[in-house]
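The values are calculated or read from the model by the stated rules, or taken from the named source; none is laboratory data. Since the model is a prediction, treat every value here as computed from it, not as a measurement. Reconstructed Cβ throughout: ideal geometry from the backbone, glycine too, with neighbour counts over all protein chains shown. Quick note on the areas: whole protein, heavy atoms, side chains included, nothing else; ligands and nucleic acids left out. Shrake-Rupley method; radii C 1.70, N 1.55, O 1.52, S 1.80 Å.
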Amino acid sequence: MSLTIRHDLDPHGPLPPAKAVLDRLVAAVVLLLAAPWMTLLTVLLWSHGDGPVLQRERRLGQWGRPFDLLRFRTVDPAGPGTDRVGALLRRICLDELPQLINVLRGEMSLVGPRATSPADGRRATMTVTRLALKPGLIGLDELGEGRAGEDAPAVVDRYLREWSLRLDVVILWHAVRRAARGPAV
């Protein structure tokens, strides 16, 4: 799917290059620190099922460009539903660690609107503001507005208007604190 939209925003994105540098720097550091754990998870998933260790899900990126969002496999390839290892990974959000590779590739940002599937992109009215931003590993619901898992256009617009490196750090800090508290039961 290709979207052509006329707008007056910078074709590389409305946010300064410092955001992309911070995204890639943090992603690289976290990937290096997480490499032993990711290796362990890879071996565990590989030994626990016949399917691929990584799932690739088609998503729309900045300006509607498609990309493959990466995550660890959480579904049993042999049957329906989530397997035990996948359920654990999903509960503690480790299934999303490979998305740091998407950040390093420049397809995603650490903080931004949720990545949209091509089907959802066709159904939903996507604002130019939302299309101008790279999808984020951490959703804008960390701002504490709206329902979890949903990026209201007003929240996306507010994020773009008020964006600063400090705001991204605050959002990331909230996400780390939420993850450290563990899964809600």
Inset, instruction - Give me the pairs, please: first residue somewhere in the range 89-104 and in contact (Cβ under 8 Å) with a residue 12 or more places away in the chain, second residue anywhere and open to solvent by 60 Å² or more (accessible area, probe 1.4 Å) and among the basic types (Lys, Arg), beta-carbon distance under 8 Å, and either six or more positions apart or on two chains. - result: Val103/Arg24; Leu104/Arg24
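Which one of Trp46, Trp37 is more than 15 Å from the chain's Cα centre (by Cα) and under 24 Å from Leu110 (Cβ atoms)?
Working: Trp46 fails: under 24 Å from Leu110 (Cβ atoms).
On inspection, the qualifying residue turns out to be Trp37.
Of the residues that make up the range 62-75, is at least one assigned to a helix (DSSP H, G or I), closer than 28 Å to Ala119 by Cβ, aromatic (Phe, Trp, Tyr) and open to solvent by less than 50 Å² (accessible area, probe 1.4 Å)? Can you show your working first?
Taking the range 62-75 as the starting set, the residues that turn out to be assigned to a helix (DSSP H, G or I) are 62-64.
Within this subset, residues satisfying the condition of being closer than 28 Å to Ala119 by Cβ are 62-64.
Now restrict to residues that are aromatic (Phe, Trp, Tyr): 63.
Remaining after also requiring open to solvent by less than 50 Å² (accessible area, probe 1.4 Å): 63.
Yes: the range 62-75 contains one or more residues that are assigned to a helix (DSSP H, G or I), closer than 28 Å to Ala119 by Cβ, aromatic (Phe, Trp, Tyr) and open to solvent by less than 50 Å² (accessible area, probe 1.4 Å).
Would you check if Gly81 is buried (at least 20 other Cβ atoms within 10 Å of the Cβ), farther than 11 Å from Pro135 by Cβ, at pLDDT below 85 and not basic (Lys, Arg)? Full working, then the answer.
Details: buried (at least 20 other Cβ atoms within 10 Å of the Cβ): no; farther than 11 Å from Pro135 by Cβ: yes; at pLDDT below 85: yes; not basic (Lys, Arg): yes.
The answer is no for Gly81.
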